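See structure below.
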Amino acid sequence: ASLFASVDMAPRDPILGLNEQFQADPNPNKVNLGVGVYTDENGKLPLLACVKEAENVLAEIPKPRGYLPIDGIAAYDKAVQSLVFGADSEVLRAGRVVTVQALGGTGGLKVGADFLKRLNPSARVLISDPSWENHRALFESAGFDVGNYPYYDAAARGVAFEAMLGALNQAQAGTVIVLHACCHNPTGYDLTPAQWGQVIAVVQARGLVPFLDMAYQGFGEGIAEDGAVIQQFVASGLDFFVSTSFSKSFSLYGERVGALSVVCESKEEAARVLSQLKRVIRTNYSNPPTHGAQVVTTVLSTPALRAQWEQELANMRERIRSMRAALVDRLKAHGVATDLRFITRQKGMFSYSGLTPQQMERLRAEYGIYGVSTGRICVAALNTHNIDYVAKAMAAIMR
Ligand code: PLP
C-alpha cells in the first residue's frame, strides 16, 4: 500500500466551502454574505489609502530583506502595545507587557496556545458557544481539551449572561477562557462594561486564565471604546493574553499581520515569558514576515497616516452601521413585523440573523444569497446595490 493509503479526507472548512459554492453559482444576482471580509460600497475589498501611502513611503527607501528578530519588528510591537493598552498605560511603563509580532490574529492565538500548553499541560480551554469556527480546532491542535461556555441566547437575542457566568464559576483553576474582546464572531452580541466587570471578578476569584481575542478593534464603537475592555482587565491586576489582528482594520488579510501580548506581574517575569514565546515562534516558523508589519508600523507611527487610518476605519464602521439600519428598514418595508432592533444592537461585521439552517438553505438555493447555515450573515458585505435584493429575499423567507 502507498504511504498515504490510510489518509482520510479532512472535512471541508464550512465557510471556505461556501465560497466555492458561491463562485460556481451562475445566478447574476448572487450575494456572498458568508466569509468575514469587509467589502466597500461597490462590493470590492478596499486597499486603504493610508496603506497605499505607507507602501509608497517604503518603496522610496527600499531595504534589503534580512531576517526579522524572532519576535518581529521592535517598532511594530511597540506600536501594537500603545494601540491595545493605550499610549500612557501603566503596565507598559512598568515593562510588564510582552508583545510579539504574529501571523495574523490566528498566529497570535496559536503562539499563545502553544506557550500555555507548555505552561500548564493539563489545563482545559473554554470558548464561547458559538465562537469563531477556528477557536476550537486551534486550541485542540495545540493539545488542549476544549469545552464551551454558554454565550448566545436565541430567545432573548443577546448574551446568555447568567449562564455564561455560571459556567465560568464552575471552571477549574487554571482553565483558559477565550473571550471575544469586541464584535463577537459570529453573533455580534458583546458584553457591557458592567458585565465585563462581573466576568473579571469570577476569573479572578476562580484563578482562570483570560485570553482576549481582539480581531475587530475599531469595528464596534471606536478604537478606544472597543479597547476599553483591555483597560478593565489591566485595572483588575490580572495577568492575561491578548491576540490582535489587523486583517480587518487595515484590510491587510493576506499580509498576515497580528500580534500576541501577554500582561505579566513584573518586568522580570515578562522577560522570561518573552524568552518562551520566542522559543515557540522559533520552532514553528523562525521569524515573521516583513512587509505587512512595516506598513502597519509606518501608518501607526506617522501622525498624518495614523489620522487617515482612523478616518478610514471609522468610515468602514459607519458604513456597516448604516447597512444594519438599512437592513432593518427594508425588512420592515417588505413586511416583516417582528422586532428587528437586535440587528442594530449587534456590533461588528456579523449578524446572527436568527434564520434557521433551512431558511439559510432556501436563501442560497432560491436567491443565490450565501450566509452560514447557523444564520450568520456578514453585514460588511451588504451595500446599497445589493441590500434591497437581500432584504426582499430575507423577508420572503421569514414570512
Ligand atoms: N479571531 C476572530 C474572532 C476572528 O473572527 C478572526 C478572523 O476572522 C480571527 C481571529 C483571525 O484573524 P486573522 O485573519 O488575522 O488570523
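The values are calculated or read from the model by the stated rules, or taken from the named source; none is laboratory data. Just so you know, these numbers come straight off a predicted model, no measurement behind them. Every residue, glycine as well, gets a Cβ built from its backbone with ideal geometry; the counts of neighbours run over all protein chains shown.
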| message | Please go through (1) touching a Leu at 6+ places or on another chain (Cβ under 7 Å); (2) more than 16 Å from the ligand (Cβ to nearest atom) for F246 and return the number of the only condition it doesn't satisfy. | response | (2)
| query | Given the structure, is D88 over 22 Å from V176 (Cβ atoms) and either among the aliphatic types (A, V, I, L, M) or more than 24 Å from the chain's Cα centre (by Cα) (or both)? | reply | yes
| query | Considering only the stretch 128-148, how many residues are of a type in the set (G, A, S) and crowded, with 17+ Cβ neighbours inside 10 Å? | reply | 3
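Out of the stretch 107-127, which residues are buried (at least 16 other Cβ atoms within 10 Å of the Cβ) and part of a loop (DSSP other than H, G, I, E, B)?
Result: A123, single match.
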| message | Being of a type in the set (D, E, K, R) and buried (at least 17 other Cβ atoms within 10 Å of the Cβ) is the filter here; which residues of the stretch 253-287 pass it? | response | E255, R256, K278
| query | Restricting the stretch 167-186 to residues that are β-branched (V, I, T) and closer than 23 Å to V84 by Cβ, which is nearest to the ligand (Cβ to nearest atom)? | reply | V178
| request: Consider A75 carefully, then state whether it is in contact with a helix residue (DSSP H, G or I) (Cβ under 7 Å, 6 or more places away or on another chain) and exposed (fewer than 14 other Cβ atoms within 10 Å of the Cβ). | output: no
| request: Consider S236 carefully, then state whether it is touching a helix residue (DSSP H, G or I) at 6+ places or on another chain (Cβ under 9 Å) and within 15 Å of the ligand (Cβ to nearest atom). | output: no
| said: Can you report the number of residues in the stretch 302-353 which are in contact with a Pro (Cβ under 8 Å, 6 or more places away or on another chain) and either among the hydroxyl-bearing types (S, T, Y) or free of Cβ contacts under 8 Å to residues at least 60 places away in the same chain (or both)? | reply: 1
| query | Somewhere in the stretch 191-205, is a residue within 16 Å of the ligand (Cβ to nearest atom) and at pLDDT 95 or above? | reply | yes
| Going through the stretch 149-168 one residue at a time, which ones are surrounded by 14 or more Cβ atoms within 10 Å (Cβ to Cβ) and more than 30 Å from T338 (Cα to Cα)? | A167, L168
| query | Do you know which residues across the stretch 35-68 are of a type in the set (D, E, K, R), assigned to a loop (DSSP other than H, G, I, E, B) and either in contact (Cβ under 8 Å) with a residue 60 or more places away in the chain or farther than 29 Å from W132 by Cβ (or both)? | reply | D40, E41, K63, R65
